[in-house]
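Accompanying notes for the structure given below.
The values are calculated or read from the model by the stated rules, or taken from the named source; none is laboratory data. Just so we're clear, the structure is a prediction, and the values are computed from it rather than from any experiment. Here Cβ is always computed from backbone atoms with ideal geometry, including for glycine, and neighbour counts include all displayed protein chains.
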Amino acid sequence: MKTMIKGCALALLLGAGVAQAADFRVGVVNTERILRESAPAMKAEKKIEKEFSGRDQEIKKLIKQAKELQSFMDKDGKALPDVDYRNKERELTAMNVNLQRMQREFREDLNLRKNEELAIVLEQANKAIQTIAETEKYDLILQEAVYRNPQIDITDKVIKHLAGETADSKDAK
């Protein structure tokens, strides 16, 4: 229902625009490209990588320890007394359970932080799009389109505008 209403509204706008075709300017933005290529998006990605690198290293260290213990159990475990073998098995099981918990928490926290940072980037992008639309007198800017003609795609302008904002914010510091 929402899609149909949006489609009708767009058709009405475009229909009204046909009557004033000379005055009607449309632009299209590729949001995915902005989230991949813009300066704020890359800055956010680096920030997240730095924030989570310690936990990632800790998980990698635990994986290495579990592999070493498993390798020891496979090669030399049979030579151990039964009590020691069972203790090593329990230790390995506990290590694997802990590892799975840490990996799950890591993924959840990482996804949450990525979503937070992407929301900030999207807010900045929307402000940049608004500024470009007002400055260059666009009547309509679409962010989602099945097809976009390169002549009306303003994604590069938005990326450049965001790069300028990032440079300005660095100068302000």
Query raised in the report: Quick one: would you say Ala128 is under 23 Å from Leu35 (Cβ atoms), in contact with a His (Cβ under 6 Å, 6 or more places away or on another chain) and of a type in the set (A, V, I, L, M)?
Result: yes
Requested in this report: Answer with yes or no whether Ser38 is within 30 Å of Lys137 (Cβ to Cβ) and of a type in the set (Ser, Thr, Tyr).
Outcome: yes
Query raised in the report: How many residues does the range 70-86 hold that are under 45 Å from the mean Cα position of the chain (by Cα) and either touching a residue at least 24 places away in the same chain (Cβ under 8 Å) or exposed (fewer than 10 other Cβ atoms within 10 Å of the Cβ) (or both)?
Result: 2
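Are any of the residues in the range 96-113 more than 30 Å from Lys60 (Cβ to Cβ) and surrounded by 14 or more Cβ atoms within 10 Å (Cβ to Cβ)? It would help to see each step written out before you state the result.
Restricting attention to the range 96-113, the residues satisfying the condition of being more than 30 Å from Lys60 (Cβ to Cβ) are none.
No, every residue in the range 96-113 fails to be more than 30 Å from Lys60 (Cβ to Cβ) and surrounded by 14 or more Cβ atoms within 10 Å (Cβ to Cβ).
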Query raised in the report: How many of the residues making up the range 1-60 are modelled with pLDDT under 90, among the aliphatic types (A, V, I, L, M) and either surrounded by 15 or more Cβ atoms within 10 Å (Cβ to Cβ) or more than 30 Å from Lys160 (Cα to Cα) (or both)?
Result: 9
Query raised in the report: Glu144 fails exactly one of the following numbered conditions: (1) among the acidic types (Asp, Glu); (2) modelled with pLDDT of 90 or more; (3) closer than 17 Å to Gly27 by Cβ. What is the number of that condition?
Result: (2)
